[in-house]
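The values are calculated or read from the model by the stated rules, or taken from the named source; none is laboratory data. Only a predicted model underlies this, so the values are computations on that prediction, with no experimental measurement involved. FYI the Cβ positions are ideal-geometry reconstructions off the backbone, even for glycines, and counts take in every protein chain you see.
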Amino acid sequence: MENCQKILQQGLQELNIKSDEAQLDKLIKFIKLIEKWNKAYNLTAVRIREDMARLHILDSLTVLPYLHGNLVADIGTGAGLPGIPLAIFSPDIEFVLLDSNSKKTRFVQQAILELKLTNVSIQHCRVESFHPRLLFSTVTMRAFSSLQDIVDLTKHLIAPSGILLAMKGQQPDTVEMSALTTPYSVIQLTVPEVKAKRCLIKIEGVADHG
C-alpha cells in the first residue's frame, strides 16, 4: 500500500486538496475494502490497487471544488464513487449515495461502517423511484447516458438553486450539448497521473417540481 499512499499524497497536492493522516488512512482503507470485496462482488473492473488510487480516488476528488451547498446525492454510486472520497474530505456536507444494485449498496453500507463516515447514507433503489424528504443542493452522476436523459432522471431531486454535476470522459459532441434546455458550463478536469480526458458538465436550473 506504500505506492498507493505516495500516489494519493502527490495527487492530492496536485489537486490542491489539503489532507490529514486520518483522511489518507480512510482512503487507503477504502481501496483495501474495494480490493477485498471485488473478488466476490465484481464491484469494479479496475483490479490493480495503484490504478484504484488514480482512477477511483483521485478521479472522484477532482469534483470536490465544484460541490454546492450542504446536501449532496451521488446517483449510480456503484462502489461509492465519487461519493465516499468526496465525503471523507467534506465532513460538513451530508451525502446520500444511491444505487439499484443490491450487492453494491451492501458494499457501500459496509464501507460507511468501517470508515466511520457519519455524513453518508445509502439508498438501494432506482433514481426515478427515489423521493427524498429534502431536495439536494448538488447531484453528482457519472454520465453514462445522454446529458438531457440525466437531467430528466434527476430533476425531481434537485433544489431550486441546486446544480447537477455530470462526470464525463471526453467533452460531449455539439449535438448532445445543444439538446440541453438548461444553462450549463463545461469544466475541463485533470486527474493526476491519468492521461485520459475528463470533464465535468455543470448544469443549472434543472429543478422541476411543478
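Data for the structure
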item	result
Qualifying position, being over 29 Å from Asp173 (Cβ atoms) and buried (at least 23 other Cβ atoms within 10 Å of the Cβ), among Val108, Val96, Val72	Val108
Search result, residues across the range 16-40 that are part of a helix (DSSP H, G or I) and polar (S, T, N, Q)	Gln23, Asn38
Top-ranked residue of the range 29-69 - restricted to ones that are surrounded by fewer than 19 Cβ atoms within 10 Å (Cβ to Cβ) and of a type in the set (Asp, Glu), ranked as farthest from Lys202 (Cα to Cα)	Glu35
Output for the range 41-94, where each listed residue is part of a helix (DSSP H, G or I) and over 18 Å from Asn16 (Cα atoms)	Tyr41, Arg49, Glu50, Asp51, Met52, Gly83, Ile84
Selection within the range 112-134 - surrounded by 16 or more Cβ atoms within 10 Å (Cβ to Cβ) and in a helix (DSSP H, G or I)	Ile112, Val127
Test result for Ser137, farther than 18 Å from Gly76 by Cβ, modelled with pLDDT of 95 or more and either over 14 Å from the mean Cα position of the chain (by Cα) or buried (at least 18 other Cβ atoms within 10 Å of the Cβ) (or both)	yes
Qualifying positions in the range 94-134 - more than 22 Å from Ile34 (Cβ to Cβ) and either in contact with a His (Cβ under 6 Å, 6 or more places away or on another chain) or β-branched (Val, Ile, Thr) (or both)	Val127
Matching residues in the range 84-127 - criterion: being closer than 19 Å to Leu58 by Cβ and in contact with a Pro (Cβ under 7 Å, 6 or more places away or on another chain)	none
